[in-house]
Amino acid sequence: KMAAARSARAEDFRQGQLARMRAEHSRRQQQLRQQDYERKRQLRQRIRELQLGGFKRHTNSERMAMRQQSMQLDEEQAKQQAPGAQQAASDAADTAAAADDESSLAAAAGAADPAAAGVAADEAAAAAAVLPPDAPVITFVIKADVQGSAEAVRDAMTAAAAGKVHLKVVYCGVGAVSASDVHLAAATGARLIAFNLRPPAPDIDAALKTAKVEVLQHRVIYHLLDEVEACIAEAESGGAGGQGSLAEQVLGSATVLQVFPLLQNRKEVGKVAGCRVQEGSLQVSSGVVFRVLREGEVVYEGPCSNLRQHKNDVSAVGKAGECGVVLDEGRFGGYKPGDVVQCVQQRTVRG
């Protein structure tokens, strides 16, 4: 009887262990399924964003076919241009050497993103195969929210510049605009592209203004490409060189209707101006400053921390829309009903 009891207890123990192992295995499988579902959901969302942005995702076979077609076209062009091959090779070598200098700067500033170090050399070599060496050159530093967006922006810019100007991308990376990006853009005379990013921190924005680095900040790829094409047209007309004056454009204006306290943890930390947009739109982006005018005199000029609609932060408010305007983290509170709030875009015009 004792042996039978011990055997029964041992069997119960084994059954309990098996039940616990099955439960643990089931829990892990559920976690893996959840992680896989989340990964696929994010991937589908990213594909939709790229499709809405006008980009096509190619399969590996399509990429191989396009690469082979490109190689065949290069071979045909080489045969047709055989008499001038030596001169073209010399020009390409000079351009590649210049691109190597730019790449070394990009490697110093982009050590956190090794894949971006060779971008400048690739772009310079591709441009040299089509354009003469004395063609205009425009230089960019690209920052985006994710690597896929950065590469898509770079490819779209390369296509827009093809056959018109030499386009150099000295750095292509992800993340917010940093001090190293500002230094790199200033050292190379590049424009800085910030795609689908929040406005830079106040110290970075001040560094951009001090270094006179032109910033192209957008969340819509078509708007960004419009501005890039304007830069290309400017370079083709001979206006790409040197630093120019600061040009201003009033993007929109609004009227202050009422002033509210800005609360944080139930404590008042500043003021919010309740406004209605009368003309254009109010936007929060790099290179944009806000002015508060009272009877035609400027009582405030500086950054806008955020725009609020229905307790949500928004990046822009159109005509006839109502919103709350927070200036300088709420530290500016000298609003009065009837004041005019202007949204002004500042950009460097190169002479």
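The values are calculated or read from the model by the stated rules, or taken from the named source; none is laboratory data. What you see is a predicted model, and the numbers here were worked out from it, not measured in a lab. Note that each Cβ is placed from the backbone with ideal geometry, even for glycine, and that neighbours are counted across all protein chains shown. Surface accessibility is based on the protein's heavy atoms, side chains included, excluding ligands, DNA and RNA. Shrake-Rupley method; radii C 1.70, N 1.55, O 1.52, S 1.80 Å.
So here's what we get for this one:
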item: Straight-distance crosslink candidates among lysines, where the alpha carbon sits under 16 Å from residue 271 and sequence neighbours closer than 8 are dropped; result: 311, 336
item: Label-to-label distance, nm, for residues given as residue 21 and residue 294 (7 Å Cα→Cβ offset); result: 7.8
item: Å² of accessible area per residue within region 135-186, as computed with a 1.4 Å probe and no ligands counted; result: 30
item: Loop-located GluC sites (Glu not before Pro) in region 258-351 whose Cβ has at most 11 other Cβ within 10 Å (DSSP); result: 295
item: Gyration tensor verdict on region 193-238 (Cα atoms; rounded if a/c is under 1.5, prolate if a/b is larger than b/c, oblate otherwise); result: oblate
item: Violating pairs (Cα-Cα greater than 21 angstrom) within the set 164/212; 267/319; 212/319; 143/212; result: 164/212; 267/319; 212/319
